[in-house]
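Since every read-out is calculated from the coordinates, none of them should be taken as a lab result. On a predicted model such as this, the values are computed, not experimentally measured, just so you know. Neighbour counts are summed over all protein chains in view; Cβ atoms, including those assigned to glycine, are modelled from backbone coordinates with ideal geometry.
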Amino acid sequence: MPELPEVEVSRLGITPYLEHQIVRKVNVFQRQLRWPVPLEVARIEGQEILSIERRAKYLLLVTEVGTAILHLGMSGKLRVLPIGTPLAKHDHVEIQTLAGQSLRLNDARRFGAVLWQAPGETHPMLAKLGPEPLTDAFANDHLYRMSRGKSAPVKTFIMDNHVVVGVGNIYANESLFMSGIDPRKPAGKISKARYAKLQQAIRTVLARAIEQGGTTLRDFSRADGQPGYFRIELQAYGQGGKPCPLCEKPLKEIRLGQRSTVFCNQCQR
DNA sequence: ATGTTGACCTGTAAGC
DNA sequence: TGCTTACAGGTCAACA
C-alpha cells in the first residue's frame with residue numbers, strides 16, 4: 001500500500017512507541033525480503049532509538065551505532081503490539097523494546113526491505129534520491145529543469161525517484177488530474193508554468209493524504225488498527241470508466257510503464 | 001544517456 | 001468448485 005503518505009503516517013504512528021526506547025531484541029523470521037536482511041541490524045540491540053526519520057519511502061531508526069532502515073515495498077505494513085502477541089502470517093521482522101512493545105514488519109509480497117547504514121554514512125540506496133516533495137528542497141523550477149530534453153511520459157518522469165521522491169502510482173495519477181496535464185505527454189515538452197502547477201498539485205495531494213491518515217493514529221497499536229488506509233476521495237486513480245468529476249466524460253484507463261493510468265482525455269492536455 | 005521491460009513474491013478477483 | 005490469468009500501492013537491474 002505504501003506511498004509516501006502511508007509511510008509518513010506509519011512513522012508518526014510508531015514514533016510514540018519507539019522513540020527514546022531501548023531495543024531489547026531484534027528477531028528476523030524471514031531473512032529473504034527484497035534483499036537479505038543484513039545481520040548488522042542486530043547491533044541496535046541494547047541501543048536507544050534516538051529518532052525515527054523518513055527519507056522518501058524509507059523509514060530510518062537511528063541509534064548511536066547505526067541506522068536500521070525499513071522499506072515497505074508494495075504490501076508492507078508496520079504494527080506495534082505487546083511483546084508475545086502471536087505472530088501473524090508474513091510477519092518477517094520484529095523489533096522489541098525494553099518497555100514491552102514489539103514493532104512488526106508484515107509484508108506478504110516481500111518487496112519490502114531492511115537495510116543497514118553505519119554512522120556517518122549514507123546508504124547507496126538513499127544516496128541518489130531526488131528532493132523531498134514537501135520541503136523547500138523541491139524547488140519551484142525543479143521539475144522544469146530536470147525534464148528538459150526528456151521524451152519519457154510526464155507520469156513516468158514524476159514517478160522517478162531521482163527526479164522527486166514519494167510520488168507513487170496513486171498520487172501521480174491524482175496530481176496530474178489536479179493540474180490538468182495529460183500523463184502521456186513527453187516530460188520535456190511541458191512549460192515552466194504548467195510544471196509549477198503540477199508541483200503545487202503534488203504537494204497538495206500528498207499533504208492532504210497525510211492529514212487524512214492521521215485520524216487513524218490513535219489506534220495504531222491495536223492488532224486491528226490499520227496504519228492509515230486513506231479514505232481521501234480519489235478523483236482519478238481507480239475511477240477508470242466513471243465520469244470525470246469536472247466534465248462528466250468517462251475517464252480513460254491505459255497502461256503507462258506497466259502501471260495503471262487514469263485520466264480525462266478532455267480536461268488533461 | 002535514456003527509455004523500456006523483466007524481475008522479485010503473494011494474494012485476490014475475474015474469467016472459463 | 002477448480003484451474004488459469006491478470007493485476008496490485010515499488011523500484012532495481014538488465015536490456016535496446
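Between A:ALA207 and A:LEU246, take the C-beta separation as r, use R0 = 25 Å, and let me know the FRET efficiency to the nearest 0.05.
The calculated FRET efficiency here is 0.70.
Between A:ASN265 and A:ARG110, how many nm apart are label points set 7 Å from Cα along the C-beta direction?
Placing both labels 7 Å beyond Cα along the Cβ direction yields 4.3 nm.
In this model, which of A:LYS57/A:LYS189; A:LYS77/A:LYS128; A:LYS128/A:LYS242; A:LYS150/A:LYS249; A:LYS25/A:LYS128 are farther than 27 Å apart at the alpha-carbon?
Listed pairs above 27 Å: A:LYS57/A:LYS189; A:LYS128/A:LYS242; A:LYS150/A:LYS249; A:LYS25/A:LYS128.
What net charge is computed for the residues neighbouring A:ASP160, neighbours being all others with C-beta under 12 Å from the C-beta of A:ASP160, Lys and Arg scored +1, Asp and Glu -1?
My count for the surroundings of A:ASP160 gives +3.
Quick check: convex hull over the Cα atoms of segment A:88-174, volume per residue in Å³, rounded to an integer?
Residue-normalised Cα hull volume stands at 180 Å³.
Determine, from the Cβ-Cβ distance of A:HIS162 and A:LEU50 and an R0 of 35 Å, the FRET efficiency 1/(1 + (r/R0)^6), rounded to the nearest 0.05.
On the way: r = 29 Å, r/R0 = 0.82.
It comes out at approximately 0.75.
What translational diffusion coefficient, in µm²/s and rounded to a whole number, does the Stokes-Einstein relation yield for chain A at 25 °C and a viscosity of 0.890 mPa s, taking the hydrodynamic radius as the Kirkwood radius over Cα pairs?
Details: Rh = 19.6 Å.
Roughly 125 µm²/s, to the nearest whole number.
Give me the dipole magnitude in Debye, nearest 20, for chain A about the Cα centre, with unit charges on the beta carbon: positive for Lys and Arg, negative for Asp and Glu.
Result for chain A is approximately 1200 debye, rounded to the nearest 20.
Between segment A:146-208 and segment A:89-137, how far is it from one alpha carbon centroid to the other, in angstrom?
When both Cα centres are located, 26 Å separates them.
Just the Cα atoms of segment A:1-142: what Rg and Dmax do they give in Å?
Computed over the Cα atoms of segment A:1-142, radius of gyration and Dmax are 14.7, 51 Å.
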